[in-house]
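A quick write-up on the structure given underneath.
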Amino acid sequence: MEHLLDPQWEGNGTEEPASPILHIAGNRLILDVYLDGCKRFLQVTEGEKSALVEVEFLALSSHDEMITSAVTALPMFSRLRSLTLKGGYLLDENLGRQNGLLSTLPPDISQLSLLQHLDLSFNRFTELPQCVTALPCLSTLHLGYNQLRKLPDDICEMKRLTSLIAMSNQLTHIPAFIGQLNNMEKLNLSNNKLVSLPDEIGNLERCIILDVSQNNIKSLPETLCNLMSLEQLYLFSNDLVSVPAGLASLPHLTHLHLQNNKLRSVPIEITLCSCAQLHGNPIGEPEPSSPTEDDIGSTEIKKIYVKSNEKSFLVTPEGCWVFLPGGFHLCFPSGAVSYPMKIGFQIFQPDSQHVRLGHHDVLLSSTLELQPHGIQFHQDVEITIPFTYLKRVRKREVVIRTFSDSSETWTDLSTITKEKSVREMVATCRTPHFSWFLVVSRLVEDRCEVPIEGELLFSTVDQNIRVEFPAGATQRTRTIRMQVLPVSRNLLREITGDNSSSTSPLLCLSQSSTDNFLRPVKIQLPLPPGITGDALDRSHLFLLHGDPQAQTWTDITSQVVLQITHIYAHFQVDHFSWYWLWYTTKSYVGELAKTAYKRLRMYQVNFVALQRKRDPEQVLLQCVPKHKVDFTVKKLRDRYKGPEPSDLVELVEGEQFFAAFEQGLKLHSERPDCVDGKISFVFYAKMKNMKEVYVTSSTDRKQEDVKGQVSFYRGSVPEAVPEEAHKHRKGTKSDWMATLPIRLPVQKVKSLNQENERQGISYSLRPLNLGNAEVGYLTETNLLSIATQIGSDWMNIGINLGLPHTELQRIKHNNSNDFNQLVLDMLFTWAQRNSTETDCIEKLVKAMRNSKRNDIADEIEDVIALGKEKYRQSIQRVGLDQGNSSEDSAIVMSQS
């Protein structure tokens, strides 16, 4: 749309305009580009009206607070043929388009008897005003991005309607009367809440494009096969389990999209149809699903529950469900293997050796490794991985990513997700081979197959972005992938320091071929927010091209022909990469884009090291995003003390880092995530990156405080701290990120049962171990770590441990002012009485599970398994047989 009106005002030295001087080009009055467009419109209508008689095209922004008053003046435009009253021009803080203010229209609108085009999108309509259905000549109606719950029955009166766009509303059903719209050519009902379509939809004999994607439709009426004019049918992202075979016989159908459904059977006619897009489902196979208790209980397939200390399980040709620690589970269908087979597994935190994340990927889960790698099953195995739900700021998709040993590449598998609780979800996929598997959130990927005849690809994230492939652009069919990253205007201005800077969404295009296109491909990008084609300064508009790794940005404005319309920019290319449209007054736009891009894919974080006030040996380590630091420190101030948070550093979400203790401090922990005395983290911006550990001094603390520090390193901890880090503790070539001081006081032994020692400023509990080295044991440090995780359910745990209710009340009374001490008292009271029992650890695990604290029970079992492994390795080092007693082994070990 071209802006053809520029209302100018005669200056009179005041802020208010004297009178409007209209420059109407032909019959158009376009005021939606002005923030005060409705005000200008009302001033015009209150003045000389003779110039308005000929207006046929009118556009107003419904963001204007005066839009309600403006629409009351519309009936005077008796010759109006096109009316736009839409919102969506402004973006909120989450980069979503803001809706306008309109929720109703005056009845007099029905007097616009010549109106053919009406755009009410991005507003707040919950029902369609009756005056709209009374418009006799209306042929195009845009209602997208409102809150419509239903379409009125009298919509059947709109006999001339050829295009109805009602996407992204709250529609739950479509009235049968829609079948009476005999002239309908384009019907878009995508992204609603439809569960079915009426049979009468098959009466739309002239319909060319039908889009009902992203709904909850479970079945399709057979009458769809009557749409003989249909060329494009979009059914993806529904709950379809089958489709009518007759769709394949529609003579003009060139696009049939069925991805991301639950198709359990696809008619052979559909699978052979060249226009069918089925890559979201294995053709002819059911979509994988997460098992529920009902599903598991209704099948005769056996179930295997693997304990945390086990590292393998046996699969037989009969098939089985396998439930692994941590919520992972697998389904081996009958006949997947020909003979009994041992399957190994590991669950561990990801690291750079076996995880590859894209620039805008977010890591959501731990990694599941299944062995042997590369094994080929006769039938696909279903894998379900739990992941933590993250509130997504922008529209993204979740996939399970796996590694292919043969091609040494990472692949995203067809994945479905299911919510298990408020904070937890599971992702499920099918795979014919084993390797590493993890859950990743990525930018939405739109794709299409481009044949010799050409194709058109739209972005589902921003429908203003499209790529047009002309006929003859390729000699053989290519697969095209598109990803779009919206960019916050506020964040961009914060990064650049330029209030005039604004950008389009970031566009990434890739293809399956390495050859350039034979004919130029046309790309459409929206102009940056706040910029319109009629008002922009072309010298400030830049088109940037990024390399495949997006490390550098090149200004290609002078190398292409930029065609600018009212809200779009068009240009042509013959190969693909990253494209970014900037509007800025800065001259060094390439470096500006590089800086902005780096910030867009990284988080600014602080490190915090806090010591518990009553036990400074217990240290809380935390990695906190910048905006959460003050709140976190304030919240913990009553229980912890310590240094101020570190200077800001930047981390990519999913990145691993380590905390290492230096200068006389050492980690005293049997934690599974502890390697060589160093704690491993994986950074998640939306989660708590927190570990509680015990530290001790390598020297005998008797005379003075021990001073040391904890340092955080990117990647892996260097064997020796770099000299540069010793001097300055920073540097571009160092993996070091931050250092915080830790101070341990003079050691004072404190007994839990001696009331007169309760006022000590710190303490170390008397040595207390549960179990033994041979069967695995818990140290006092492990017990302290367990105590920190016990919250308000401490009494329930105490009862399940067998402590009398009266004793629990005594513990509660004695520690009424110190909840942390209360929990320690309860746990260690039980531990001291049961430390000599051979089954004490089993009792502890059972008590935790009976108290619904499976998280603690799993951690205890992991610690025990780790202890057993260390004991086994020590036996091998000293050359002892497994048949020796634990006492003899301990003697030899101590002597060695």
Next on the checklist: Rounded to the nearest angstrom and ordered from largest down, what semi-axes does the equivalent ellipsoid of the stretch 583-635 get from its C-alpha gyration tensor (root of 5λ)?
Outcome noted: 39, 10, 7
Item to check | Positive-end residue of TYR568, GLY546, ALA596, charge dipole of the stretch 544-603 with Cβ unit charges | outcome: ALA596
Item to check | Order by protection proxy (mean Cβ within 10 Å, highest first), peptides 476-489, 649-662 | outcome: 649-662, 476-489
Checklist entry - With the Cα gyration tensor of the stretch 56-169 giving a ≥ b ≥ c as the square roots of its eigenvalues, does the rule (a/c under 1.5 for rounded; else a/b larger than b/c for prolate; else oblate) give rounded, prolate or oblate? => result oblate
Checklist entry - Within the set LYS311/LYS666; LYS846/LYS868; LYS678/LYS868, which residue pairs have Cα atoms separated by over 23 Å? => result LYS311/LYS666
Checklist entry - Under a plain spin-label model, where a point goes 7 Å from the Cα along Cα-to-Cβ, how far apart in nm are LEU114 and ASP154? => result 2.5 nm
Next on the checklist: Give me the 1.4 Å probe accessible area per residue for the stretch 174-230, excluding ligands and nucleic acids, in Å².
Outcome noted: 40 Å²
Checklist outcome for this item: For the stretch 67-132, the Cα-Cα pair-distance distribution in 5 Å bins from 0, as whole percents, is 4, 16, 25, 26, 14, 8, 4, 2, 0
Item to check | Label-point separation, ARG743 to GLN475 (7 Å along Cα→Cβ), nm | outcome: 7.7 nm
Next on the checklist: Net charge around LYS843, counting only other residues with Cβ within less than 12 Å of its Cβ (Lys, Arg = +1; Asp, Glu = -1)?
Outcome noted: 0
Checklist outcome for this item: In terms of the alpha carbon gyration tensor, root eigenvalues a ≥ b ≥ c, rounded if a/c is under 1.5 and otherwise prolate when a/b exceeds b/c or oblate, the stretch 396-511 is oblate
Checklist entry - So, in nm, how far is label ASP515 from label GLU842 when the simple model puts each one 7 Å beyond its Cα toward the Cβ? => result 6.9 nm
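The values are calculated or read from the model by the stated rules, or taken from the named source; none is laboratory data. The shown structure was predicted, so the numbers you read here are calculated from the model rather than taken from an experiment. With ideal geometry, Cβ positions are generated from the backbone for all residues, glycine too; neighbour counts draw on all protein chains shown. For the accessible areas, the whole protein counts, side chains as well, though only heavy atoms, and no ligand, DNA or RNA atoms are used. Shrake-Rupley method; radii C 1.70, N 1.55, O 1.52, S 1.80 Å.
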